Structure formats: structure tokens, C-alpha cells
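Q: Submitted below is the structure of interest, expressed as C-alpha cells.
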Amino acid sequence: MIITIDGPAASGKSTIAKKVAKKLNYHLIGTGLMYRAAALQALLENIDITQKDQIKELIKRLQVSLSFSWEDGVERVLVNGVDVTKKLSTPEVDAYVSDVAKISDVREMMVERQRKLAKQGDVVVEGRDIGTVVLPDADIKFYVTASTKERARRRCAELAAKGHICDKQELEQDIMKRDKIDSTRKLSPLSKAKDAYPIDTTGKTIEEVVIQIMAIIKEKK
Ligand code: CDP
């Protein structure tokens, strides 16, 4: 069984997907982490993302160096065998990732990887274009949203908990900017699959949303 959860930045989908995967005892594939790993490498290597040759080289290297593992059902991202998961959710990567994720060569490689990983079956796959482009034949699809204000509030709390300074208004602008890049890019933009269940998480707790999603899954299983 393949379950997809798509939605915009900080809509709560990663946390929800983690909990749903745990309840079902499925593997979680967080596709945003893959694009974040590419963005982190580009930042570390000072790669100019407008230079196609440099991006092609980066992808070649990532094809060899990037790997994934699961700890207690939760995905970890490794570059050359080193777990970099913690380095992927920083304001620097946040600011860069959407520009890297819109490059066609990057998407091609990542989508191929995502399909391969999903073939294991019994997975929850979370991202932007999973129900529409990566796994259009998935068994159950969800599209999770929340108001921009609420998303900024949540992401701020997340960053503050990790010790980062956070300006809510600035973050709201950043989220809107990322949404715009994600939903207007030519290649597999962020959009709701026709057959996805819409879930608005504004004003709801994570637990409430997980209960709602689990009820739909139970009904369809
Ligand atoms: O957690 P958050 O919603 O902030 O982001 P994420 O799910 O980790 O994804 C980070 C970025 O990767 C997104 O803003 C997209 O630019 C890109 N992404 C994508 O293009 N396609 C996906 N399937 C997943 C992420």
C-alpha cells in the first residue's frame, strides 16, 4: 500500500506523515529531505546553480554519495555514509532549497530515487508532487494545507526549539516566496492531485489531523 501526503511549506505534513507511518508501521519517505540534501551539498561546495555543468557534476556525485536509512521508521539522509539529517532543516537550506529543486536534472534524479524507494511497498511518501507526478497510482492521497500565518507560526516554533532566531513576519514572507517558486515552476509544480483528500490543518492539532487521516485510511484499506 502506498500513501502520499503532499502540501506546501510548513503545512504540518512531515510531522503528520511521520505519525501516520508509525501508526501503520510503514516506512516514511520524506522527499523534501532529498532536495534539501542536494541544496546542502550545493551550498557546501559553493556551486553556482545557474551553471548547468556544475549541477550535472553535483548530481553525478550525489548519485554515488547519497543514501538513506531508517531509524525507528524515520528516514535518515546520509552523504558519504555520514548522517546529515540534522543539517537539512536550517534557515540557510530553507532559503536555497526551492531554487535547487526546480532544476530539471535534479528533479529527474530525485524522482527516480523516490520511485525506487517506494517500490518496497507499505510506505508513506511525503512531498509536493508525489500524488501528481512521482506516484500517480498511489492507493490513498492526501493534500495537506494551512493558512500562511499558521504555517509561519509553526515553523517559527520549530526553529526556536532548535535554537535558531526567528522573525515571524520575515518567515511568513520566506514561506510565501517558497510557495510561489514551488507552485509556479514548470516541472511538476506543487498542486493537489484530483483524487487527493484535502486536509486543512489550520486551527487543528496534529493529533486531530492524524485521527482524521487514519479514519480515511481505515475506510479505504
Ligand atoms: O518541511 P517543508 O515543507 O518546509 O519543506 P520540505 O518538505 O522539506 O521540502 C523542501 C523543499 O524541497 C520544498 O520547498 C520544495 O522546493 C522541494 N520539494 C520538491 O520540490 N518536491 C518534493 N517532492 C519535495 C520537496
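Q: Rounded, prolate or oblate: which one fits the range 171-221, using the alpha carbon gyration tensor with axes a ≥ b ≥ c (rounded when a/c is under 1.5, else prolate when a/b beats b/c, else oblate)? Before the final figure, lay out each step's value.
A: Numbers: a/c = 4.36, a/b = 1.55, b/c = 2.81.
Note, shape of the range 171-221 comes out oblate.
Q: So which GluC sites (Glu not before Pro) in the range 33-88 end up in coil per DSSP with only 12 or fewer other C-beta atoms within 10 Å?
A: Values: sites: Glu45, Glu57, Glu71, Glu75; in loops: Glu45.
Filter output for the range 33-88: Glu45.
Q: At a threshold of 8 angstrom on Cα-Cα distance, excluding pairs fewer than six apart, so keeping six or more, what relative contact order does the chain reach in percent? Please report the intermediate quantities before stating the final value.
A: Working: 332 pairs, mean separation 73.6, N = 221.
Reported relative contact order: 33 percent.
Q: For the range 69-188, what relative contact order do you get, as a whole percent, if you take Cα pairs closer than 8 Å and at least 6 residues apart?
A: Working: 59 pairs, mean separation 29.9, N = 120.
Taking the mean separation of contacting Cα pairs over the length of the range 69-188, I get 25 percent.
Q: How much accessible area does Ser191 have with a 1.4 Å probe, in Å² rounded to the nearest 10?
A: Per-residue accessible area (Ser191): approximately 50 Å².
Q: Mind running the shape call on the range 2-202? Use the C-alpha gyration tensor, a ≥ b ≥ c as the square roots of the eigenvalues: rounded below 1.5 for a/c, prolate if a/b tops b/c, oblate otherwise. Present the calculation step by step, with values, prior to reporting the outcome.
A: Numbers: a/c = 1.31, a/b = 1.06, b/c = 1.23.
Rounded.
Q: Continuing with the same structure: Could you look at the chain and say what percent of its accessible area is carbon and sulfur, using a 1.4 Å probe and all protein chains?
A: Values: 5880 of 11330 Å².
About 52 percent, which is the carbon plus sulfur part of the accessible surface.
Q: Related question: What is the range 135-221 by shape, rounded, prolate or oblate, if you read a ≥ b ≥ c off the alpha carbon gyration tensor as root eigenvalues and call it rounded for a/c under 1.5, prolate for a/b larger than b/c, and oblate otherwise? Provide the component values of the computation, followed by the final result.
A: Details: a/c = 2.73, a/b = 1.39, b/c = 1.96.
Oblate, because a/c is 1.5 or more while a/b does not exceed b/c.
Q: Still on this structure, I have one more. Taking 0.36 nm per intervening residue step and subtracting the Cα-Cα distance, what contour gain separates Ser67 from Lys180 on full extension?
A: Working: separation 113, 0.36 × 113 = 40.68 nm, distance 2.94 nm.
The Ser67-Lys180 span can extend by a further 37.7 nm.
Q: Taking K and R as +1 and D and E as -1, what net charge do the other residues with C-beta under 14 Å from the C-beta of Ile55 add up to?
A: On the way: positive: Lys52, Lys56, Lys60, Arg61, Lys102, Arg107; negative: Glu45, Asp48, Asp53, Glu57, Asp99, Asp105, Glu108.
Summing Lys/Arg as +1 and Asp/Glu as -1 gives -1.
Q: Once each part is reduced to its C-alpha centroid, what is the distance from the range 168-208 to the range 99-135 in angstrom?
A: If we compute the Cα centre of each part, the gap is 17 Å.
The values are calculated or read from the model by the stated rules, or taken from the named source; none is laboratory data. Since the structure is predicted, the reported quantities are computational estimates derived from the model, not experimental observations. Every residue, glycine as well, gets a Cβ built from its backbone with ideal geometry; the counts of neighbours run over all protein chains shown. Accessible surface areas use protein heavy atoms only, side chains included; no ligands, DNA or RNA. Shrake-Rupley method; radii C 1.70, N 1.55, O 1.52, S 1.80 Å.
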